[in-house]
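Student: So that we are looking at the same thing, I have put the structure below in C-alpha cells.
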Amino acid sequence: MPQATLIDGKAIAAALRAQIATEIAGIKAVSGLVPGLHVVLVGDDPASRVYVASKEKLAVEVGMNSVAHRLPADTSQETLLATLAGLNADDAVDGILVQLPLPRHLDTAAVIDAIDPAKDVDGLHPLNAGRLAGGKVDPEHLLVPCTPLGSMLLLRSVLPSLSGLEAVVIGRSELVGRPVAQLLLQADCTVTIAHSRTKDLPDVVRRADIVVAAVGRPHFVKGDWIKPGATVIDVGINRMPDGKLAGDVDFAEAVEAAGAITPVPGGVGPMTIACLLRNTLTAFKARRGG
Ligand SMILES: Nc1nc2c(c(=O)[nH]1)N[C@@H](CN(C=O)c1ccc(C(=O)N[C@@H](CCC(=O)O)C(=O)O)cc1)CN2
C-alpha cells in the first residue's frame, strides 16, 4: 500500500513568509511605511511564551514592526482592556493579537470584543466571525482565524479544487473548528462538524474526503477511520509525557490510508504564525487603502 503524501507545513509557511517579506519591502520602498503587529501576552504559560517569542521574531524577519506586551498573570480585566484601548487608538498599530488561553480570572469574550475589528488579526472578533459565517466577503480581504486559514492553504496545496468534496471537521471551537468549517463551506465542500456528542464518529469520519482533526486529544483519530486516499489535516499539538509533540491523529496508522496528511510537528503549526503575518499585512493594506 503506498504511503500518503506528506504536506510540508514548514516549507509552505516559509514560502508564504518570503512572499509577505517581498510585499512589505515593496510597500516600504514606496511609502516608507511597514505594518505594525502588537501581541499581548498575559501570564507565564510556557507554551504561550514560546509562541509569542516566535511571532515577535518572525514578524521582524518579514520586515514588520513587532511589539510584544508581556503583562503579569494577575493583570486585571480593566488593565487589559485599557492596554487594548491604547493599541486601538494608536495609528501605528495595524494588528493586535491577545495570546490565548488567558488566565482564568479574565473574561476572554469581553477581551476579544474590545479589539478594534479592523486590527483583529486573529479574526476572532464577533464582527469578523460574523462576516466569515455570512460567507459574503472575499477571503483575501477578510481577517480569518490563523490556524483555519493555514489549514485551507495546506489543503489547497494538494487539492486545487475542493468543490463537492465531503469534509468532516472534528471539533467545534471558535478558534479552529467553526471557522475552518465556514471556510470549507465557502470552498463548496459538503461540511459536517463532529464533536464530543457525535454518534458513530468513526463512521462519520469514514465518509470524508477531507478530515480536519481539532479535538485536542492525542492520537484520537484512528487509521481505520480514514477513507483510502482522503486528505487529513491534523490541527492537534499535544505535548506528551516524554516531551514530544503528538497530533490528534494516529499518524502511524493514518499515513497508511490517507492520500495526503500533515505531520505534527511541521504541519499546521508553522502555518498559524505565517497566516498571522498575512492577516497583519491584510489589515495594514485595508487600513491604509492599499
Ligand atoms: N490568540 C491566539 N492564541 C492561540 C492561537 C491563535 O491562533 N491565536 N493558536 C495556538 C497557539 N499558536 C499560536 O498562537 C501556535 C501553536 C503552534 C505553533 C507551531 O509552530 N507549532 C510547531 C511546534 C512548536 C513546538 O515545538 O512547540 C509545529 O506544530 O510544528 C505555532 C503557533 C493557541 N493559542
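Student: Tell me, which helices (runs of 4 or more DSSP H) wholly within segment 119-230 include 3 or more residues that are surrounded by fewer than 19 Cβ atoms within 10 Å (Cβ to Cβ) and not assigned by TED's automatic domain parsing to the domain that holds GLY243? Lay out the reasoning, then the answer.
Tutor: On the way: elements: 126-134, 146-158, 177-186, 201-206.
The helices (runs of 4 or more DSSP H) meeting that bar are 126-134.
Student: Hey, another quick one. What residue, among those in segment 50-81 that are in a helix (DSSP H, G or I), over 21 Å from the mean Cα position of the chain (by Cα) and away from the ligand (no atom under 15 Å from the Cβ), is nearest to ASP113 (Cα to Cα)? Quick ask: steps written out before the conclusion?
Tutor: Pass one, segment 50-81, residues in a helix (DSSP H, G or I): 50-61, 77-81.
Pick out the ones that are also over 21 Å from the mean Cα position of the chain (by Cα) and you get 77-81.
Among the residues that remain, those that are also away from the ligand (no atom under 15 Å from the Cβ) are: 77-79, 81.
Details: GLN77: 13, GLU78: 14, THR79: 15, LEU81: 10 Å.
Filtering first and then ranking leaves LEU81.
Student: Moving on to the next point. Looking at segment 272-288, can you tell me whether even one residue there is more than 27 Å from ALA59 (Cα to Cα) and either within 15 Å of the chain's Cα centre (by Cα) or among the acidic types (Asp, Glu) (or both)? Give the derivation first.
Tutor: Narrowing segment 272-288 to residues more than 27 Å from ALA59 (Cα to Cα): none.
Within segment 272-288, none of the residues are more than 27 Å from ALA59 (Cα to Cα) and either within 15 Å of the chain's Cα centre (by Cα) or among the acidic types (Asp, Glu) (or both).
Student: Is it true that GLY135 is modelled with pLDDT under 95 and closer than 30 Å to ILE226 by Cβ?
Tutor: Working: modelled with pLDDT under 95: yes; closer than 30 Å to ILE226 by Cβ: yes.
Yes.
Student: What are the residues in segment 3-49 that are within 12 Å of the ligand (Cβ to nearest atom), more than 19 Å from the chain's Cα centre (by Cα) and surrounded by 22 or more Cβ atoms within 10 Å (Cβ to Cβ), if any?
Tutor: Across segment 3-49, the qualifying residue is only VAL42.
Student: Name the residues in segment 91-104 that are assigned to a loop (DSSP other than H, G, I, E, B) and in contact (Cβ under 8 Å) with a residue 12 or more places away in the chain, would you? Don't jump to the end; show me each part of the working.
Tutor: Of segment 91-104, the ones assigned to a loop (DSSP other than H, G, I, E, B) are 91-94, 99-104.
Of everything in segment 91-104, those that are assigned to a loop (DSSP other than H, G, I, E, B) and in contact (Cβ under 8 Å) with a residue 12 or more places away in the chain turn out to be ALA92, VAL93, ASP94, GLN99, LEU100, PRO101, LEU102, PRO103.
Student: A further question follows. Which of the residues that make up segment 231-250 are within 13 Å of the ligand (Cβ to nearest atom) and surrounded by fewer than 23 Cβ atoms within 10 Å (Cβ to Cβ)?
Tutor: Matches in segment 231-250: ILE237, ASN238, ARG239, MET240, GLY243, LYS244, LEU245, ALA246.
Student: All but one of (1) within 22 Å of LEU162 (Cα to Cα); (2) more than 22 Å from the chain's Cα centre (by Cα); (3) outside any helix (DSSP H, G or I) hold for PRO241; which doesn't?
Tutor: Going through the list (1) within 22 Å of LEU162 (Cα to Cα); (2) more than 22 Å from the chain's Cα centre (by Cα); (3) outside any helix (DSSP H, G or I), PRO241 breaks only (1).
The values are calculated or read from the model by the stated rules, or taken from the named source; none is laboratory data. The shown structure was predicted, so the numbers you read here are calculated from the model rather than taken from an experiment. Cβ atoms come from the backbone with ideal geometry, glycine included; neighbour counts cover every protein chain shown.
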